[in-house]
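Shown next, in structure tokens, is the structure this report addresses.
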Amino acid sequence: MPILTFLKRNRFVLALLALFLLVDTLFAWWHPMENSRRFYKNDYVKTLFHHGWTRSGPVFYGNSSVTGAYMEDRSTHKLTEFGLSYGKLTDLQAILQNSYYDVNGELVIGIDVHTMLDKLDTDPTYPWFKRWYQPYVYAYRDYFRDSGEELLKNTLKGQPLVYVPRWIDKELYFGRKDDAWLARRLADYDKMFGWMRPDADMSANLASLQWVIDYAAEHKLPLRVIWMPYHTSYEKPPYTAELKSRVTAMLQQANVPTLDLMDRFKPEEFHDLVHLNREVGAPAFTKEVDAWLNGLKK
């Protein structure tokens, strides 16, 4: 029979394929990107780790500006700090749409000058970027290679079980960058993003914002939006005013409470252009956000 002939002729290749599928299934079940400290950890996994792997609750979502500014341990309002490095509204839609986290009670979104940029490079290890048809070991091949190289080096040293656990804390921002550094960073931002416009370069994130607004209404989830601080001594990206106008119109139409803190903080409260420092800026931000949110609750 043709089928039996095909199987006999290709039994070695088919055996290798079956072995690969078995190994890949075992790796996917183990899920080392989340469960092994030998592997790099993204901010989504770090959020889960620092909250006892809880995957539900009220959330303050945003990018690294939220991570740097919101001090969950000092907050009286008690939201899960869900800042993701390079996090965008498209990521939030993916999280909600695919149940990576059950946001309930309240959803606060921090939007800064980079949150809505469709073309902003992001962290490819966030789980919602893995396609269903991609083998696990292929999707995370760079991180398997990195961990394998470390294991091999330790093995050659006679210490196969000794390794330095991957960093599990999010990046925070201490101190203040000097004016020369900030000027160079501003020039970099302008080169990378200054030419972008809402209609052409933020349409996916604007659509995701509308999706989140509709999702919150459908699930009776209280939604609040905060414009995140930007260093007041430096010019904002050229698209900022138009973007704020577009977003504000969407939020007003849906009666979403909004707090604009973009121009509220002093230069000494910043670490760089978009991140508040931990010493002064973050405590002040957390206190102001708490007062606003607690006022809304009353």
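Assorted remarks:
- Number of the condition not met by I3 [criteria: (1) buried (at least 18 other Cβ atoms within 10 Å of the Cβ); (2) among the β-branched types (V, I, T); (3) modelled with pLDDT under 90]: (1)
- Of the residues Y40, Y100, Y86, the single one that is among the aromatic types (F, W, Y), open to solvent by 50 Å² or more (accessible area, probe 1.4 Å) and on the phi > 0 side of the Ramachandran plot is Y86.
- When residues of segment 82-100 are limited to those that are free of Cβ contacts under 8 Å to residues at least 60 places away in the same chain and touching an Asp or Glu at 6+ places or on another chain (Cβ under 8 Å), the one nearest to Y215 (Cα to Cα): G87
- Number of the condition not met by L79 [criteria: (1) open to solvent by 60 Å² or more (accessible area, probe 1.4 Å); (2) touching a Pro at 6+ places or on another chain (Cβ under 9 Å); (3) under 25 Å from I226 (Cβ atoms)]: (1)
- Scanning segment 143-157 for residues that are within 20 Å of P124 (Cα to Cα) and open to solvent by 90 Å² or more (accessible area, probe 1.4 Å) yields a total of 1.
- Restricting segment 262-298 to residues that are touching a Gly at 6+ places or on another chain (Cβ under 9 Å) and either part of a strand (DSSP E or B) or of a type in the set (K, R) (or both), the residue that is most open to solvent (accessible area, probe 1.4 Å): K266
The values are calculated or read from the model by the stated rules, or taken from the named source; none is laboratory data. Note that this is a predicted model, so its numbers are computed, not measured. FYI the Cβ positions are ideal-geometry reconstructions off the backbone, even for glycines, and counts take in every protein chain you see. Side chains are part of the model used for accessible areas, which takes the heavy atoms of the whole protein and leaves out ligands, DNA and RNA. Shrake-Rupley method; radii C 1.70, N 1.55, O 1.52, S 1.80 Å.
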